[in-house]
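The values are calculated or read from the model by the stated rules, or taken from the named source; none is laboratory data. Every value quoted in this text rests on a predicted model; they were computed, and no experiment measured them. Because the Cβ atoms are built from the backbone with ideal geometry, glycine has one as well, and the counts that use them run over all protein chains shown.
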Amino acid sequence: MVKGEAEKVCRLKKALYGLKQAPRAWNSRIDGYLSQKGFTKCPYEHALYVKKSLQGRVMFVCLYVDDIIFIEDDPTMIQDFKQSMVKKFEMLDLGLMAYFLEIQVK
């Protein structure tokens with residue numbers, strides 16, 4: 001607090017991790033980004049996004065809190081998606097999925 005300016009407050013330009021509004025801000029940001037990249041949100045499962053390529057391939061992206069799972073059988077499309085995500089967001093590539101929600105994936 002600055003002396004003589006006790007009535008002033010700071011406005012955050014982004015949500016901080018751990019605040020109540022952070023998940024909503026993150027979801028809004030990733031939703032806008034995926035929509036911009038040509039993904040459509042599934043009307044029945046709001047955490048699932050789908051993108052169809054011109055060649056007829058389909059890519060699925062599933063969000064769970066701050067984790068992203070994506071599925072596609074074309075390695076080029078996966079690599080392009082990873083590179084675009086790394087440019088826009090701070091993220092780690094944890095490789096192939098082994099466990100999700102305490103379910104082993106093979």
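Things worth noting here:
- Gln21 meets the conditions (1) more than 14 Å from the chain's Cα centre (by Cα); (2) modelled with pLDDT of 85 or more in every case but one. The failed one is (2).
- Selection within region 31-53 - closer than 17 Å to Ile78 by Cα, not polar (S, T, N, Q) and not in a strand (DSSP E or B): Tyr33, Leu34, Lys37, Gly38, Phe39
A quick yes/no check of all residues on (1) within 15 Å of the chain's Cα centre (by Cα); (2) of a type outside the set (Ser, Thr, Tyr); (3) assigned to a helix (DSSP H, G or I):
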| site | (1), (2), (3) |
| --- | --- |
| Gln55 | no, yes, no |
| Val61 | yes, yes, no |
| Gln79 | no, yes, yes |
| Lys82 | yes, yes, yes |
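- Among the numbered conditions (1) over 23 Å from Ser28 (Cβ atoms); (2) modelled with pLDDT under 85, the only one that Arg57 does not meet is (2).
- When residues of region 84-103 are limited to those that are in a helix (DSSP H, G or I) and hydrophobic (A, V, I, L, M, F, W, C), the one nearest to Gln36 (Cα to Cα): Met85
- Only one of Lys88, Lys82, Lys14 that is modelled with pLDDT of 85 or more, touching a helix residue (DSSP H, G or I) at 6+ places or on another chain (Cβ under 9 Å) and among the charged types (D, E, K, R): Lys88
- For Asp93, the criteria (1) loosely packed, with under 12 Cβ neighbours inside 10 Å; (2) under 19 Å from Pro23 (Cα atoms) hold in every case but one, which is (2).
- Among the residues here, Tyr49 qualifies as in contact with a strand residue (DSSP E or B) (Cβ under 7 Å, 6 or more places away or on another chain), closer than 21 Å to Asp93 by Cβ and without any contact (Cβ under 8 Å) to a residue 60 or more places away in the chain.
- Selection status of Gly32, modelled with pLDDT of 80 or more and at positive phi: no
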